[in-house]
1. Do we have B:Ile122 as farther than 23 Å from B:Phe207 by Cα, crowded, with 20+ Cβ neighbours inside 10 Å and not hydroxyl-bearing (Ser, Thr, Tyr) here?
2. Among the residues that make up region A:162-185, is at least one of them within 14 Å of chain B (Cβ to nearest Cβ) and either open to solvent by 30 Å² or more (accessible area, probe 1.4 Å) or without any contact (Cβ under 8 Å) to a residue 24 or more places away in the chain (or both)?
3. Does B:Val115 meet the test of being of a type outside the set (Ser, Thr, Tyr), part of a helix (DSSP H, G or I) and in contact with a helix residue (DSSP H, G or I) (Cβ under 7 Å, 6 or more places away or on another chain)?
4. Looking at region B:2-37, which of its residues are among the charged types (D, E, K, R), surrounded by fewer than 21 Cβ atoms within 10 Å (Cβ to Cβ) and under 28 Å from A:Glu219 (Cβ atoms)?
5. Considering A:Phe195, A:Phe212, A:Phe202, A:Phe207, which residue is closer than 27 Å to A:Arg2 by Cβ and loosely packed, with under 15 Cβ neighbours inside 10 Å?
6. Could you go through region A:89-101 and let me know if any residue there is among the hydroxyl-bearing types (Ser, Thr, Tyr), buried (at least 22 other Cβ atoms within 10 Å of the Cβ), touching a Ser or Thr at 6+ places or on another chain (Cβ under 8 Å) and within 10 Å of chain B (Cβ to nearest Cβ).
7. Name the single residue that is modelled with the highest pLDDT among those in region A:135-149 being within 15 Å of A:Asp76 (Cα to Cα) and in contact with a Leu (Cβ under 9 Å, 6 or more places away or on another chain).
Protein chains: 2
Amino acid sequence: MRPQIVLFGDSITQQSFRSGGWGASLADIYSRKADVVLRGYGGYNTRWALFLLHHLFPLGSATPPIAVTIFFGANDAALLEGTGKKQHVPLEEYSDNLTKMVQHIKNWSSSTLIVLITPPPIDLQGRREYARSLYGDKASELPDRTNEVTGTYAEQCVSLAKELGLPSINLWSKMQETEGCDGLHLTPEGNAIVFQEVHKIFDEAGFSDLPFDFPPHSEIDGENPEKAFLQQCAAV
Amino acid sequence: MRPQIVLFGDSITQQSFRSGGWGASLADIYSRKADVVLRGYGGYNTRWALFLLHHLFPLGSATPPIAVTIFFGANDAALLEGTGKKQHVPLEEYSDNLTKMVQHIKNWSSSTLIVLITPPPIDLQGRREYARSLYGDKASELPDRTNEVTGTYAEQCVSLAKELGLPSINLWSKMQETEGCDGLHLTPEGNAIVFQEVHKIFDEAGFSDLPFDFPPHSEIDGENPEKAFLQQCAAV
């Protein structure tokens with residue numbers, strides 16, 4: 001069994017295997033070393049994601065993942081007075097919910113590397129265009145999210161990570177100056193930023209030194225291929 | 001546990017999660033429905049891949065995958081008199097090895113959908129440029145693969161699939177008229193072709209109707225979120 005890296009989050013995680021997506025890039029760079037497991041749930045906030053926790057991370061069973069990225073907040077930060085009010089989760093509960101996720105995974109395995117990722121910035125203009133593309137003239141003119149409010153969730157996420165001693169990525173702050181976010185979802189540039197930041201943290205944790213699952217073809221002797229497989233495949 | 005789709009093959013499979021890659025596109029389209037598991041081994045031929053069979057597909061243990069793509073032949077077809085001679089596997093053995101793979105997986109689960117994919121065409125000019133980019137002036141002027149020889153492996157693969165009653169994709173023939181292959185590896189156009197062909201076969205097998213692993217957010221009642229999760233998450 002290869003080690004697993006689980007990407008847990010909302011639509012920004014669910015869509016991370018689209019062309020140039022940050023999840024696919026991680027799967028590519030760790031091919032032969034680790035499996036990148038996609039657990040993204042479009043539209044979910046942390047409150048709803050808690051219902052999945054015991055199913056996605058079943059304590060005691062199987063081998064725990066070597067890393068989990070927890071990437072929520074974009075929906076929690078929806079405004080109570082906007083069209084996304086159903087998704088709204090108060091700031092304090094968002095923080096409590098993240099804590100529950102972290103504790104649950106830590107209960108499973110204290111050695112699992114957990115990375116908290118903040119929501120990206122909100123581009124009001126982009127959001128409006130997105131709403132119009134979905135609803136045409138019926139699109140609400142009132143914003144369902146604002147950059148300022150989402151920023152408080154990002155701040156809370158980073159400060160919680162510090163408190164819990166976990167690495168975090170402040171995407172909201174890193175992406176303010178870029179075209180990384182098309183309203184809410186990530187552009188190719190945004191995907192590249194998330195990939196680079198996650199990769200940096202994984203690299204510092206030594207993931208680049210993870211062994212290949214089987215010998216590279218350059219180590220296989222054409223005349224005696226079985227030699228290269230002896231150690232790992234003795235049972236064959 | 002989500003159903004699994006295993007991609008088993010050589011470098012064309014290993015690299016399938018690069019930007020626009022066919023593996024990543026499958027993972028994207030089945031996100032929330034199935035896990036796409038990457039088992040690509042750059043440089044491997046079918047002879048060496050047989051050593052991995054019992055490890056990647058351990059009979060009796062766990063749940064068998066709902067589908068496996070078997071995508072070898074590009075290295076088996078390396079010429080005996082070229083720089084890739086170590087990788088060469090005679091045509092008849094290539095066919096026997098594919099048969100062993102299929103039988104092994106069928107022994108595990110007769111309901112697993114197995115798709116055989118032929119090697120793509122060889123573009124001699126592209127191969128030469130690739131060799132020069134790696135070895136400069138030391139690059140051999142002799143071809144290590146030819147389009148004709150690889151074509152015989154593709155033909156064998158398709159005829160074996162017919163014999164075994166399996167769906168197959170004749171990439172060698174489909175890609176002759178395209179820019180799908182940059183010497184040996186796939187271009188974005190080539191990746192799109194593989195994705196479309198595999199997707200079509202999966203679609204015909206009903207994979208589009210696979211259920212979502214958890215409720216879509218539109219089905220969650222903001223006031224009573226637990227209701228939507230009751231059936232699937234009763235244990236929480």
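1. Yes, satisfied.
2. yes
3. Details: of a type outside the set (Ser, Thr, Tyr): yes; part of a helix (DSSP H, G or I): no; in contact with a helix residue (DSSP H, G or I) (Cβ under 7 Å, 6 or more places away or on another chain): yes.
Taking the combined requirement at face value, the residue does not satisfy it.
4. Answer for region B:2-37, where residues must be among the charged types (D, E, K, R), surrounded by fewer than 21 Cβ atoms within 10 Å (Cβ to Cβ) and under 28 Å from A:Glu219 (Cβ atoms): there is none.
5. Values: A:Phe195 fails: loosely packed, with under 15 Cβ neighbours inside 10 Å; A:Phe202 fails: loosely packed, with under 15 Cβ neighbours inside 10 Å; A:Phe207 fails: loosely packed, with under 15 Cβ neighbours inside 10 Å.
Every option except A:Phe212 fails the conditions.
6. Quick first cut of region A:89-101, residues among the hydroxyl-bearing types (Ser, Thr, Tyr) only: A:94-95, A:99.
Subsequent filtering for residues that are buried (at least 22 other Cβ atoms within 10 Å of the Cβ) retains A:94.
Right, trim to touching a Ser or Thr at 6+ places or on another chain (Cβ under 8 Å) and you get A:94.
From what's left, within 10 Å of chain B (Cβ to nearest Cβ): none.
No, the conditions are met nowhere in region A:89-101.
7. The initial filter retains those residues of region A:135-149 that are within 15 Å of A:Asp76 (Cα to Cα), namely A:143-149.
Those left that are additionally in contact with a Leu (Cβ under 9 Å, 6 or more places away or on another chain): A:143-147, A:149.
Details: A:Pro143: 82, A:Asp144: 87, A:Arg145: 90, A:Thr146: 91, A:Asn147: 92, A:Val149: 96.
The qualifying residue modelled with the highest pLDDT is A:Val149.
Residue by residue, here is whether (1) open to solvent by 10 Å² or more (accessible area, probe 1.4 Å); (2) of a type in the set (Lys, Arg); (3) farther than 18 Å from B:Thr118 by Cβ holds:
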site: B:Arg39; (1), (2), (3): yes, yes, yes
site: B:Tyr44; (1), (2), (3): no, no, no
site: B:Leu56; (1), (2), (3): yes, no, yes
site: B:Pro64; (1), (2), (3): yes, no, yes
site: B:Ala67; (1), (2), (3): no, no, no
site: B:Asp76; (1), (2), (3): no, no, no
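The values are calculated or read from the model by the stated rules, or taken from the named source; none is laboratory data. Computed from a prediction, not measured in an experiment: that's the story for all the values here. Note that we place each Cβ from the backbone using ideal geometry, even for glycine, and neighbour counts take in every protein chain shown. Please note that ligands, DNA and RNA were not included when accessible areas were found on the heavy atoms of the full protein model with its side chains. Shrake-Rupley method; radii C 1.70, N 1.55, O 1.52, S 1.80 Å.
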